[in-house]
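To start, the structure itself, in structure tokens.
The values are calculated or read from the model by the stated rules, or taken from the named source; none is laboratory data. None of the values given here were measured: they were computed from a predicted structure. Here Cβ is always computed from backbone atoms with ideal geometry, including for glycine, and neighbour counts include all displayed protein chains. What goes into the accessible areas is simple: the full protein's heavy atoms, side chains included, and nothing from ligands, DNA or RNA. Shrake-Rupley method; radii C 1.70, N 1.55, O 1.52, S 1.80 Å.
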Amino acid sequence: GVLGWVDAYAHWIAFGLLALVGGKMIYEGLHEGIEEDIAAITNKMMLILAIATSIDAMAAGFSLTLLDATPYIACLVIGAITFAFSWAGVLIGRKSGTWLESKAEIFGGIVLILIGIKILLF
């Protein structure tokens, strides 16, 4: 069924999409002056990233049912951590301004690729 398909292929699909988006972010961070090209494809790349993240979340959700965890507590913890990291990203972005822009894009790309590798290995 669906659980078997997700278990068999989700990690490869998520890794491929995260590696693609991460590699593109690193490329864009290393090459200045391509802001016009980036603006034209930003929505597509965000959609790909959303799909990869959703596949990973779906696989995590299926595996969460195998653990002895209360779903409400798990959702609360996951939501709180996501909120905290998102809020920290907004604050850091506001403080750093544009001087950190290309470095942050390269760092973000590396993090996405590492998340993809983590999905493959664990």
Does the stretch 95-102 include one or more residues that are farther than 23 Å from Ala10 by Cβ, at pLDDT below 85, open to solvent by less than 100 Å² (accessible area, probe 1.4 Å) and in a helix (DSSP H, G or I)?
-> yes
Considering every residue within the stretch 66-89, establish whether at least one is of a type outside the set (Asp, Glu), at pLDDT below 80 and open to solvent by 80 Å² or more (accessible area, probe 1.4 Å).
-> yes
From the list Ile92, Ile81, Ile73, Ile113, which residue is in contact with a Gly (Cβ under 8 Å, 6 or more places away or on another chain) and of a type outside the set (Gly, Ala, Ser)?
-> Ile113
Taking Phe107 as meeting all but one of (1) within 18 Å of the chain's Cα centre (by Cα); (2) of a type outside the set (A, V, I, L, M); (3) exposed (fewer than 11 other Cβ atoms within 10 Å of the Cβ), write down the number of the exception.
-> (3)
